[in-house]
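The values are calculated or read from the model by the stated rules, or taken from the named source; none is laboratory data. What you are looking at is a predicted structure, and each value in this text was computed from that prediction instead of being measured. Don't worry about glycine lacking a Cβ; one is built from the backbone with ideal geometry, like all the others, and counts go over all protein chains shown.
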Amino acid sequence: MASLSSLLKVLLYGLIGLFLSIWVVQNPQDGLVARLVTYDKLAVLLLQHFYLVGVSALLAVLTAVPLGIALTRPGLKSWAPRVLALVNIGQTVPSLAVVALSVGFLGVGSLTAIVALWIYSLLPILSNTLIGLQEVDSSITEAAHGMGMKGRHVLFRVELPMAAAMIMAGIRTAVTITIGSAILAAFVGGGGVGNLIIAGNNISRWQVLVLGAALPVLMALMADVIFESLEKKVRV
Amino acid sequence: MSFLEFLMSRWPTILSLTLEHLLIVFIAMVISIALGVSVGILITKNKVAAQIVLNFTNILMTIPSLALFSLLIPVLGIGKIPAIVGLVAYTQLPIVRNVYTGMMTINPSILEAARGMGLTEKKILRTIKIPLAFPAMMSGIRTATVMGIGIGAIAGYIGAGGLGVYIFQGISRSNDQMVIVGAVIISLISILTDRFLGGLQRKLNR
Amino acid sequence: MIRFENVVKRYPGEGADAVHNLNFEIASGTICMLVGPSGCGKTTTMKMINKLIRPTSGAILIDGRNIDTVDTIELRLSIGYIIQDIGLFPHMSVGENIATVPGELGWKKERINARIEELLELVDLNPKVYRNKKPNELSGGQKQRVGVARALAADPPIMLMDEPFGALDPITRAKMQDEFLHIQEKIRKTIVFVTHDIEEAIKMGDNIAVLKAGQIVQLSSPMEILSNPADPFVSELIGGRNSLKMLNLMLCGQIMKSLSPSEGEKARATGHGLLGLKATAQDALSEMLRTGQRFIYVEDGDRIVGVLEFEDLLERASRHGLSQ
C-alpha cells in the first residue's frame with residue numbers, strides 16, 4: 001500500500017507541474033512571456049534537465065558503487081577511511097564551487113555541467129556504498145565464506161543485497177540534490193529548467209520565475225518519493 | 001596574466017568580497033540559529049505542530065536555492081535583505097530538526113526522574129533538556145552553517161555581493177581565473193568552517 | 001504517614017480502572033512494598049503520591065494533609081524518588097546529580113558539599129573517587145547507589161522507589177538490598193517500594209501490599225503473607241518453598257536457644273561454626289548443609305550467645321509450612 005500512496009504522490013506532483021505549465025502558457029502575463037514559454041520550449045528544457053540529471057546520476061552510480069565495492073575488498077580496505085574523509089570534505093564544497101571549477105577547467109557547455117553534477121552526486125553514493133558495505137555484519141559474511149561461497153557470490157548474494165537500502169539512500173540523496181544543482185547548468189550553457197529562472201530574472205517576469213522555480217522542486221519531490229519506495233523495496 | 005599576477009592585482013576586491021560573504025552568512029546564521037533553536041524547542045510541546053513545521057522546513061529545503069532566491073526578488077527586491085531571508089529560510093531544517101530530535105530522544109527516565117524530584121518544567125528545559133540536546137543542536141548548526149556558506153555564493157546572483165559575484169561575473173565574462181579563484185576560496189571557507197565547527201563540537205561534547 | 005482514601009485512577013479510553021478504590025495507610029518509618037504482576041496498578045499507585053499521576057477521584061494524605069493542597073514542586077522536593085532506570089543526569093557529575101534537590105531548595109554551597117560527601121559515604125562510594133565522575137563511568141550498581149544518594153539528598157521523609165534494583169544482576173541486586181536495609185535502619189524513612197518480585201518484597205518490606213487488577217488483595221506483614229495468603233492469587237504469587245522463604249525472615253538472634261556466658265566460653269573452645277545475630281535461619285540452614293554439622297553457634301560481637309539446631313529449624317519451617 002505504501003507503493004500506492006507513493007504513486008499518488010508522484011501523480012499529484014506531476015499534475016501540479018502540468019497544470020502550472022499549462023496555466024502559464026495559456027495565460028501569459030504579456031507577449032514576452034508568451035514567446036518565451038511555449039509547450040515546445042518547456043519540453044526541450046525539461047528534457048535537457050532530465051538528460052543532465054540522468055546522465056550524471058547514472059555515471060555517478062556506475063563509478064561510485066564499483067569504487068565503494070573496491071574500497072571494501074581486502075586489498076584496498078586500508079584506503080577506505082582516507083577516501084571517506086576526503087569524500088566528507090568534498091561534500092562540504094558548495095555546488096556552485098564545483099560547477100565553477102569545472103567551468104574553469106572545461107569551459108562552458110553541457111559536458112561541463114555533466115562533469116560537475118557527476119562529481120557532486122558521486123560523493124553521497126560513494127559514502128553510502130562504503131558505509132553500507134562496512135556495516136554488513138562480519139559474522140554473516142564469515143558464515144557465507146564458511147559455507148564455501150566464492151568471494152564473488154558473497155559480494156553479490158550477501159553483501160550487496162544487505163547494503164542495497166543504504167546505497168539506494170545515497171542515490172536518492174544524489175538525485176534530489178542533482179535536480180536542484182542542475183539549475184546551475186543554465187549558467188554554464190548546459191540548458192535545463194534553470195534557463196527559465198535566468199530568463200525570468202532578466203526580463204523580470206514573475207510567471208517565468210515561478211515556473212522555473214516550481215518545476216525543479218516538483219521534479220525533486222517526485223524523485224524523492226520514487227527513490228524512497230525503491231529504497232524500501234530493497235531493504236532486507 | 002598568470003594566476004599569481006591575477007591574485008596580486010585583484011586581492012583587495014577578493015578580500016572585500018570574502019569579508020562581505022562572511023558577514024552576510026554570519027548575520028543570516030545568527031538569525032537562523034536563534035529562530036531555529038526557538039522553533040525546535042517550541043515544537044516539542046506539540047506533535048502536530050512539530051509534524052507541520054518539520055514538513056514545511058523540509059519542503060523549503062527541496063526548493064533549489066537559486067529558485068528560492070529568485071522567488072524572493074518580486075517580494076523583497078534584490079540585495080542583501082532577500083539574501084539573508086533566503087539563507088535563514090534555507091538553513092532552518094537542519095537546525096530545527098536536530099534541536100527537535102535532540103530533545104525528543106532524551107531518555108524518558110531522565111525526565112521522569114527530574115520531574116519526580118521536583119524540578120520545574122522551566123528548570124528541566126534549562127538544566128536537563130537543552131544541555132542534553134546540545135550535541136545534536138551543534139551538529140545541526142554545523143550542517144546549516146556550511147550549507148549557508150555555499151548558498152551564500154548563489155545569493156551573489158541576486159545582488160547580495162560576496163564571492164558568488166566573482167563566480168557569476170567570471171562565468172559571464174568567460175574569465176576562468178575569476179571563476180576558479182571564487183570557487184577555491186568559497187570551498188576553502190566551507191571546508192575550514194566545517195573543520196572548525198567539528199572541532200568545537202568535539203570539544204564541547206567532552 | 002501516607003493515607004489513600006477511596007483513590008481511583010482511570011485512564012482515558014480504558015474500560016477498567018487502573019486503580020480501583022484504594023484505601024490503605026503506610027506508617028511512618030516503614031517500608032511498604034507494592035507487589036503484583038505488570039498492569040496491576042502498583043506503579044500508578046506510587047506515582048500518584050508525588051503527583052506524577054493525578055487520581056481520577058479520592059484523596060491522598062501525607063501526615064494528614066491532602067496532597068492536592070500542596071504545591072506540586074514543593075511536594076516533590078520533599079519526596080525522594082528512585083526509578084529502575086535511575087535517570088541520573090548524564091551530563092552532570094555524581095556530585096552535581098546529588099546536589100540537584102538541595103540546590104533547588106537554596107542550600108548554601110558548603111552545606112551541599114558536606115551533604116554530598118556524607119551521602120556518598122552512606123552509600124559506600126568513596127567521595128574522593130566518585131564525586132566528579134560522570135554517570136557513564138559507573139557500573140550499574142554504582143549508578144543505583146548514586147540514585148539512592150540523590151534521592152536522599154535533602155533528607156526527605158518519604159522515598160518512592162520504583163523497581164530500583166530491577167535492572168541489576170542477581171548478586172549486585174542482593175547486595176544493594178542488604179545495604180539499603182542497612183541504610184534504612186539509620187534513616188528510618190517512610191518508603192513506598194514497587195516491585196514485581198515477591199522475594200524482594202518479602203525481604204525488604206515491613207508490610208506488603210499485593211495488588212491485582214487495581215485493587216489490594218492483601219496488605220500485611222511478610223510473615224503473615226507467607227503463612228496466611230489471603231486467596232489463591234496470593235498463594236500462587238508467593239509460589240512454593242514458603243517454608244524456606246520464611247526461614248529467610250527469621251533471624252538467628254530471635255530463634256536461637258540462649259547460652260550462658262560460661263557455656264559460650266566452652267562453645268568457643270570447640271572451634272565450631274559461627275553466625276551473627278542478624279544472619280537468617282536460612283543462612284544457618286545452608287551453613288549446616290555445607291559443613292554437614294547439625295548445629296551452629298550464634299555470636300554477638302565476640303561473645304557466643306546462643307545455639308541453633310538442625311531439628312529446630314526443620315520444626316519451625318514445617319510448622320509454618322503446614323499452616324498454609
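Filter segment C:165-179 for residues that are in a loop (DSSP other than H, G, I, E, B), touching a Gly at 6+ places or on another chain (Cβ under 8 Å) and hydrophobic (A, V, I, L, M, F, W, C) and give the result. Quick ask: steps written out before the conclusion?
Of segment C:165-179, the ones in a loop (DSSP other than H, G, I, E, B) are C:165-169.
Those left that are additionally touching a Gly at 6+ places or on another chain (Cβ under 8 Å): C:167-169.
Within segment C:165-179, C:A167, C:L168 qualify.
Of all residues in segment B:54-72, how many are among the small types (G, A, S) and under 16 Å from the mean Cα position of the chain (by Cα)? So that I can check it myself, show each step before the final result.
Kept after step one, since they are among the small types (G, A, S), are these residues of segment B:54-72: B:65, B:67, B:70.
Keeping just the survivors that are under 16 Å from the mean Cα position of the chain (by Cα) gives B:65.
Of the residues in that region, 1 qualify.
Residues in segment A:205-236 that are within 11 Å of another protein chain (Cβ to nearest Cβ) and over 15 Å from the mean Cα position of the chain (by Cα): A:R205, A:W206, A:Q207, A:V208, A:L209, A:V210, A:L211, A:G212, A:A213, A:A214, A:L215.
Yes/no per residue for (1) of a type outside the set (K, R); (2) farther than 30 Å from A:N202 by Cβ; (3) free of Cβ contacts under 8 Å to residues at least 12 places away in the same chain:
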| residue | (1), (2), (3) |
| --- | --- |
| B:K129 | no, yes, no |
| B:M138 | yes, yes, no |
| B:A144 | yes, yes, no |
| B:A160 | yes, no, no |
| B:Y166 | yes, no, no |
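Scanning segment C:250-262 for residues that are over 33 Å from the mean Cα position of the chain (by Cα), in a helix (DSSP H, G or I) and without any contact (Cβ under 8 Å) to a residue 12 or more places away in the chain gives a single hit, C:S262.
Per-residue answers, yes or no, for (1) of a type outside the set (V, I, T); (2) surrounded by 23 or more Cβ atoms within 10 Å (Cβ to Cβ):
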position: A:H49; (1), (2): yes, yes
position: A:V53; (1), (2): no, yes
position: A:L62; (1), (2): yes, no
position: A:L84; (1), (2): yes, no
position: A:A100; (1), (2): yes, yes
position: A:V103; (1), (2): no, yes
position: A:G107; (1), (2): yes, no
position: A:L123; (1), (2): yes, yes
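Listed here are the residues, each with its yes/no results for (1) surrounded by 14 or more Cβ atoms within 10 Å (Cβ to Cβ); (2) in a loop (DSSP other than H, G, I, E, B); (3) free of Cβ contacts under 8 Å to residues at least 12 places away in the same chain.
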position: C:K266; (1), (2), (3): no, no, yes
position: C:Q282; (1), (2), (3): yes, no, no
position: C:E287; (1), (2), (3): yes, no, no
position: C:R290; (1), (2), (3): no, no, yes
position: C:Q293; (1), (2), (3): no, yes, no
position: C:Y297; (1), (2), (3): yes, no, no
position: C:V305; (1), (2), (3): yes, no, no
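Could you please give the count of residues in segment C:1-17 that are closer than 22 Å to C:M159 by Cβ and touching a His at 6+ places or on another chain (Cβ under 8 Å)?
Of all residues in segment C:1-17, those closer than 22 Å to C:M159 by Cβ come to C:1-5, C:7, C:9.
Then drop every residue that is not touching a His at 6+ places or on another chain (Cβ under 8 Å), which leaves none.
Total satisfying the criteria: 0.
Counting only helices (runs of 4 or more DSSP H) that fall entirely inside segment B:3-101 and contain at least 2 residues that are touching a Ser or Thr at 6+ places or on another chain (Cβ under 7 Å), within 13 Å of chain A (Cβ to nearest Cβ) and modelled with pLDDT under 90, no element qualifies.
Please verify whether B:I24 is β-branched (V, I, T) and either surrounded by fewer than 13 Cβ atoms within 10 Å (Cβ to Cβ) or more than 21 Å from the chain's Cα centre (by Cα) (or both), treating the condition exactly as stated. If you could, list the steps in order and put the result at the bottom.
Working: β-branched (V, I, T): yes; either surrounded by fewer than 13 Cβ atoms within 10 Å (Cβ to Cβ) or more than 21 Å from the chain's Cα centre (by Cα) (or both): no.
It is false that B:I24 is β-branched (V, I, T) and either surrounded by fewer than 13 Cβ atoms within 10 Å (Cβ to Cβ) or more than 21 Å from the chain's Cα centre (by Cα) (or both).
Counting the residues of segment B:102-115 that are more than 8 Å from every other protein chain (Cβ to nearest Cβ) and touching a Lys or Arg at 6+ places or on another chain (Cβ under 9 Å) gives 3.
When you check B:G199 against the structure, is it within 20 Å of the chain's Cα centre (by Cα) and within 9 Å of chain A (Cβ to nearest Cβ), yes or no? No; evaluated as a whole, the condition is false for this residue. Residues in segment C:68-114 that are more than 13 Å from chain B (Cβ to nearest Cβ) and touching a helix residue (DSSP H, G or I) at 6+ places or on another chain (Cβ under 6 Å): 3 in all.
Do we find that B:L125 is modelled with pLDDT of 90 or more, of a type in the set (A, V, I, L, M, F, W, C), part of a loop (DSSP other than H, G, I, E, B) and closer than 28 Å to B:V39 by Cβ in this structure? Walk me through it before giving the result.
Details: modelled with pLDDT of 90 or more: yes; of a type in the set (A, V, I, L, M, F, W, C): yes; part of a loop (DSSP other than H, G, I, E, B): no; closer than 28 Å to B:V39 by Cβ: yes.
No: the conditions fail for B:L125.
Residues that are in contact (Cβ under 8 Å) with a residue 12 or more places away in the chain and farther than 30 Å from B:G159 by Cα: list the helices (runs of 4 or more DSSP H) wholly contained in segment A:127-233 that include at least 1 such residues.
Numbers: elements: A:138-146, A:160-181, A:194-203.
Ranges flagged: A:138-146, A:160-181.
Scanning segment C:229-252 for residues that are surrounded by 14 or more Cβ atoms within 10 Å (Cβ to Cβ) and modelled with pLDDT of 80 or more returns C:P229, C:A230, C:F233, C:V234, C:S235, C:L237, C:I238, C:L251, C:C252.
Anything in segment A:102-130 that is β-branched (V, I, T) and closer than 21 Å to A:A80 by Cβ? List them, or say none.
Within segment A:102-130, A:I119, A:I125, A:T129 meet the criteria.
Scanning segment C:182-241 for residues that are of a type in the set (F, W, Y) and either in a loop (DSSP other than H, G, I, E, B) or touching a helix residue (DSSP H, G or I) at 6+ places or on another chain (Cβ under 8 Å) (or both) gives a single hit, C:F193. For segment C:101-125, residues that are farther than 14 Å from C:A151 by Cα, surrounded by fewer than 17 Cβ atoms within 10 Å (Cβ to Cβ) and under 23 Å from the mean Cα position of the chain (by Cα) total 2. Within segment C:156-164, not a single residue is among the charged types (D, E, K, R), more than 14 Å from every other protein chain (Cβ to nearest Cβ) and outside any helix (DSSP H, G or I).
The residues in segment C:167-186 that are more than 12 Å from the chain's Cα centre (by Cα) and either within 12 Å of another protein chain (Cβ to nearest Cβ) or surrounded by 16 or more Cβ atoms within 10 Å (Cβ to Cβ) (or both) can be counted, and the count is 3.
Just one of the numbered conditions (1) closer than 18 Å to B:R115 by Cβ; (2) assigned to a helix (DSSP H, G or I) is not true of C:R111: (1). With respect to the conditions (1) in contact with a helix residue (DSSP H, G or I) (Cβ under 7 Å, 6 or more places away or on another chain); (2) surrounded by fewer than 21 Cβ atoms within 10 Å (Cβ to Cβ), C:N136 falls short on a single one, namely (1).
Listed here are the residues, each with its yes/no results for (1) under 27 Å from C:E185 (Cβ atoms); (2) touching a Cys at 6+ places or on another chain (Cβ under 6 Å); (3) of a type in the set (D, E).
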| position | (1), (2), (3) |
| --- | --- |
| C:G15 | no, no, no |
| C:N21 | no, no, no |
| C:C32 | yes, no, no |
| C:V35 | yes, no, no |
| C:K42 | yes, no, no |
| C:T45 | yes, no, no |
| C:I49 | yes, no, no |
| C:E74 | no, no, yes |
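Checking each residue in segment C:66-84 for being among the charged types (D, E, K, R) and crowded, with 19+ Cβ neighbours inside 10 Å picks out only C:R76. Contact map, segment B:21-46: residues that are closer than 18 Å to B:K80 by Cα paired with residues that are outside any helix (DSSP H, G or I) and among the charged types (D, E, K, R), Cβ distance under 7 Å, separation 6+ or inter-chain. No pairs are found. If only residues of segment A:182-204 that are farther than 24 Å from A:I119 by Cβ and surrounded by fewer than 23 Cβ atoms within 10 Å (Cβ to Cβ) are counted, the one that is nearest to the other protein chains (Cβ to nearest Cβ) is A:N201.
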